[in-house]
Amino acid sequence: MAGSSSHQIKNICVFGGSSPGKEIEFLESANHLGQVLAERKIHLVYGGGSLGLMGGVSIAAFLGGSQVLGVIPKALTKEDLLGKTIGEELQVSTMSERLNTMFKHADAFIALPGGLGTLEEIFHISSWAQLHIHHKPIGLLNVNGFYDKLLSFLDQAVEQEFLTSSA
(Lines give C-alpha, C1' and ligand atoms only; values in the text may rest on other atoms or scores of the structure.)
Protein backbone atom coordinates (compact mmCIF):
# COMPACT_ATOMS: atom_id res chain seq x y z
CA MET A 1 0.00 0.00 0.00
CA ALA A 2 2.83 2.40 0.73
CA GLY A 3 6.38 2.69 -0.49
CA SER A 4 9.29 0.91 1.11
CA SER A 5 11.66 2.43 3.60
CA SER A 6 15.43 2.41 3.45
CA HIS A 7 16.06 2.22 7.21
CA GLN A 8 16.16 -0.94 9.28
CA ILE A 9 12.85 -2.01 10.79
CA LYS A 10 13.16 -2.44 14.55
CA ASN A 11 9.52 -2.01 15.59
CA ILE A 12 6.46 -3.30 13.75
CA CYS A 13 2.92 -2.31 14.63
CA VAL A 14 0.46 -5.14 14.05
CA PHE A 15 -3.26 -4.51 13.69
CA GLY A 16 -5.72 -7.40 13.85
CA GLY A 17 -8.82 -8.87 15.39
CA SER A 18 -9.42 -9.32 19.09
CA SER A 19 -11.32 -12.41 17.93
CA PRO A 20 -9.55 -15.50 16.58
CA GLY A 21 -11.88 -15.58 13.59
CA LYS A 22 -13.58 -18.62 12.11
CA GLU A 23 -10.61 -20.31 10.44
CA ILE A 24 -7.76 -21.82 12.50
CA GLU A 25 -5.25 -20.46 9.95
CA PHE A 26 -5.94 -16.93 11.17
CA LEU A 27 -4.65 -17.69 14.68
CA GLU A 28 -1.85 -19.87 13.34
CA SER A 29 -0.69 -16.98 11.14
CA ALA A 30 -0.81 -14.55 14.06
CA ASN A 31 1.26 -16.95 16.17
CA HIS A 32 3.72 -17.46 13.32
CA LEU A 33 4.06 -13.71 12.77
CA GLY A 34 4.89 -13.24 16.46
CA GLN A 35 7.52 -16.00 16.25
CA VAL A 36 9.09 -14.45 13.15
CA LEU A 37 9.25 -11.03 14.79
CA ALA A 38 11.03 -12.58 17.78
CA GLU A 39 13.45 -14.54 15.57
CA ARG A 40 14.37 -11.35 13.73
CA LYS A 41 14.63 -9.39 16.99
CA ILE A 42 11.90 -7.01 15.91
CA HIS A 43 9.81 -5.41 18.64
CA LEU A 44 6.02 -5.57 18.52
CA VAL A 45 3.71 -2.60 18.96
CA TYR A 46 0.01 -3.48 19.14
CA GLY A 47 -3.32 -2.36 20.55
CA GLY A 48 -3.05 -4.27 23.84
CA GLY A 49 -4.94 -7.19 25.31
CA SER A 50 -4.48 -10.93 24.95
CA LEU A 51 -7.55 -12.09 23.04
CA GLY A 52 -7.87 -13.31 19.47
CA LEU A 53 -5.26 -12.62 16.83
CA MET A 54 -3.78 -9.76 18.88
CA GLY A 55 -3.27 -12.18 21.74
CA GLY A 56 -1.70 -14.75 19.43
CA VAL A 57 0.86 -12.40 17.92
CA SER A 58 1.72 -10.70 21.22
CA ILE A 59 2.12 -13.90 23.22
CA ALA A 60 4.27 -15.55 20.52
CA ALA A 61 6.47 -12.46 20.16
CA PHE A 62 6.83 -12.08 23.94
CA LEU A 63 7.63 -15.76 24.52
CA GLY A 64 10.18 -15.57 21.71
CA GLY A 65 12.00 -12.72 23.44
CA SER A 66 10.68 -9.65 21.62
CA GLN A 67 9.88 -6.48 23.46
CA VAL A 68 6.12 -6.00 23.30
CA LEU A 69 4.31 -2.70 23.75
CA GLY A 70 0.54 -2.72 24.08
CA VAL A 71 -1.09 0.69 23.65
CA ILE A 72 -4.59 0.73 25.07
CA PRO A 73 -7.18 3.37 25.92
CA LYS A 74 -8.00 3.47 29.62
CA ALA A 75 -11.66 2.72 28.81
CA LEU A 76 -10.63 -0.68 27.36
CA THR A 77 -8.37 -1.81 30.22
CA LYS A 78 -10.99 -4.00 31.86
CA GLU A 79 -9.64 -7.50 31.25
CA ASP A 80 -13.03 -8.84 30.17
CA LEU A 81 -12.94 -6.56 27.08
CA LEU A 82 -9.55 -7.37 25.55
CA GLY A 83 -7.77 -9.56 28.09
CA LYS A 84 -4.55 -8.73 29.93
CA THR A 85 -1.96 -6.86 27.88
CA ILE A 86 1.19 -8.84 27.10
CA GLY A 87 4.51 -7.09 27.76
CA GLU A 88 4.58 -3.40 28.59
CA GLU A 89 1.24 -1.59 28.70
CA LEU A 90 0.94 2.08 27.81
CA GLN A 91 -2.46 3.53 28.69
CA VAL A 92 -3.76 6.48 26.69
CA SER A 93 -6.93 8.56 26.88
CA THR A 94 -8.56 8.00 23.46
CA MET A 95 -8.58 5.73 20.44
CA SER A 96 -7.03 8.54 18.38
CA GLU A 97 -4.21 8.89 20.88
CA ARG A 98 -3.76 5.12 20.73
CA LEU A 99 -3.25 5.16 16.96
CA ASN A 100 -0.95 8.19 17.12
CA THR A 101 1.14 6.51 19.83
CA MET A 102 1.39 3.25 17.90
CA PHE A 103 2.37 5.24 14.80
CA LYS A 104 5.16 7.03 16.67
CA HIS A 105 6.59 3.77 18.02
CA ALA A 106 6.48 1.83 14.72
CA ASP A 107 8.78 1.63 11.71
CA ALA A 108 6.26 -0.42 9.69
CA PHE A 109 2.70 -1.77 9.86
CA ILE A 110 1.09 -5.16 9.22
CA ALA A 111 -2.64 -5.91 9.30
CA LEU A 112 -3.77 -9.40 10.18
CA PRO A 113 -7.40 -10.29 9.48
CA GLY A 114 -9.80 -8.31 11.63
CA GLY A 115 -12.96 -6.27 11.76
CA LEU A 116 -13.86 -2.60 11.68
CA GLY A 117 -11.16 -1.55 14.14
CA THR A 118 -8.45 -3.22 12.06
CA LEU A 119 -9.78 -1.66 8.87
CA GLU A 120 -10.00 1.77 10.47
CA GLU A 121 -6.38 1.51 11.67
CA ILE A 122 -4.91 0.31 8.39
CA PHE A 123 -6.90 2.85 6.33
CA HIS A 124 -5.88 5.65 8.68
CA ILE A 125 -2.19 4.74 8.38
CA SER A 126 -2.56 4.26 4.60
CA SER A 127 -4.24 7.64 4.13
CA TRP A 128 -1.36 9.27 6.00
CA ALA A 129 1.03 7.56 3.58
CA GLN A 130 -0.98 8.79 0.59
CA LEU A 131 -0.75 12.34 2.02
CA HIS A 132 3.03 11.87 2.43
CA ILE A 133 2.83 12.24 6.20
CA HIS A 134 5.02 9.14 6.40
CA HIS A 135 6.84 6.66 4.19
CA LYS A 136 6.70 3.64 6.50
CA PRO A 137 5.99 0.25 4.90
CA ILE A 138 2.43 -1.06 5.21
CA GLY A 139 1.32 -4.61 4.51
CA LEU A 140 -1.72 -6.84 4.69
CA LEU A 141 -1.23 -10.43 5.80
CA ASN A 142 -3.78 -11.91 3.41
CA VAL A 143 -4.46 -15.19 5.23
CA ASN A 144 -6.66 -17.52 3.15
CA GLY A 145 -7.58 -14.63 0.86
CA PHE A 146 -9.18 -12.67 3.71
CA TYR A 147 -8.31 -9.35 2.05
CA ASP A 148 -8.93 -10.36 -1.59
CA LYS A 149 -12.19 -8.42 -1.92
CA LEU A 150 -10.73 -5.38 -0.19
CA LEU A 151 -7.77 -5.45 -2.60
CA SER A 152 -10.22 -5.70 -5.53
CA PHE A 153 -12.08 -2.68 -4.16
CA LEU A 154 -8.80 -0.72 -3.90
CA ASP A 155 -7.91 -1.72 -7.49
CA GLN A 156 -11.32 -0.38 -8.56
CA ALA A 157 -10.67 2.88 -6.69
CA VAL A 158 -7.37 3.22 -8.60
CA GLU A 159 -9.07 2.42 -11.93
CA GLN A 160 -11.70 5.08 -11.21
CA GLU A 161 -8.95 7.54 -10.21
CA PHE A 162 -10.02 7.97 -6.60
CA LEU A 163 -6.64 6.56 -5.50
CA THR A 164 -3.24 6.74 -7.09
CA SER A 165 -1.47 3.49 -7.91
CA SER A 166 1.25 4.45 -5.42
CA ALA A 167 -1.31 4.43 -2.59
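Observations, loosely collected:
- Computed over the chain, the per-residue total of -39500 (n - 2.57) for DSSP H runs of n ≥ 4 gives a 222 nm mean residue ellipticity of -13000 deg cm²/dmol, rounded to 500.
- Helix axis angle, 24-39 relative to the chain longest principal axis, alpha carbon, degrees: 80 degrees
- Compactness of the range 81-130 is given as radius of gyration and Dmax, 11.7, 34 Å, from Cα positions.
- Its residue count N fixes a reference of 2.2 N^0.38 Å for the range 63-167, and the Cα radius of gyration divided by that reference is 1.21.
- For residue 163, nonlocal amide neighbours, meaning residues 5 or more places apart or on other chains whose placed amide H falls under 5 Å from its own, are 158.
- Each Cα pair under 8 Å and six or more residues apart adds its sequence gap; the mean of these over the residue count of the range 1-156 is a relative contact order of 29 percent.
- Residues 9, 133, 42 ordered from highest to lowest accessible area at a 1.4 Å probe: 133, 9, 42.
- Longest exposed-site-free window of the chain, the sites being GluC sites (Glu not before Pro) in a DSSP loop that have at most 16 other C-beta atoms within 10 Å: 24-160
- Computed from point charges on the beta carbon alone (+1 for Lys and Arg, -1 for Asp and Glu), the dipole magnitude for the chain about its Cα centre is near 460 Debye.
- Around residue 66: net Lys/Arg minus Asp/Glu count, Cβ-Cβ under 11 Å: +2
- For residue 49, distant residues with modelled amide H under 5 Å away: 85, 86
- Between residue 35 and residue 93, the C-beta separation translates, for a Förster distance of 35 Å, into a calculated FRET efficiency of about 0.60.
- Exceeding the 24 Å Cα-Cα cut-off - candidates 41/74; 22/149; 41/104: 41/74
- 0 to 90° range, to nearest 10: angle between helix 95-105 axis and the chain longest Cα axis: 90 degrees
- Dipole orientation for the chain: of the candidates 92, 145, 134, 92 has the Cα lying most toward the positive pole (charges on Cβ; Lys, Arg +1; Asp, Glu -1).
- For residue 158, solvent-accessible area (1.4 Å; no DNA, RNA or ligand), Å²: 50 Å²
- Local electrostatic count, residue 43, Cβ distance below 15 Å [Lys/Arg +1, Asp/Glu -1]: +1
- Divided by 2.2 N^0.38 Å, where N counts the residues, the Cα radius of gyration of the range 108-157 comes to 1.12.
- Neighbour cut-off at most 14 other Cβ (10 Å), DSSP loop, trypsin sites (Lys or Arg not before Pro), the range 64-156: 78, 84
The values are calculated or read from the model by the stated rules, or taken from the named source; none is laboratory data. For clarity, every value in this text was computed on a predicted model and none was experimentally measured. Here the Cβ is made from the backbone with ideal geometry for all residues, glycine too, and neighbour counts use every protein chain on show. With ligands, DNA and RNA removed, areas are computed over all heavy atoms of the protein, side chains included. Shrake-Rupley method; radii C 1.70, N 1.55, O 1.52, S 1.80 Å.
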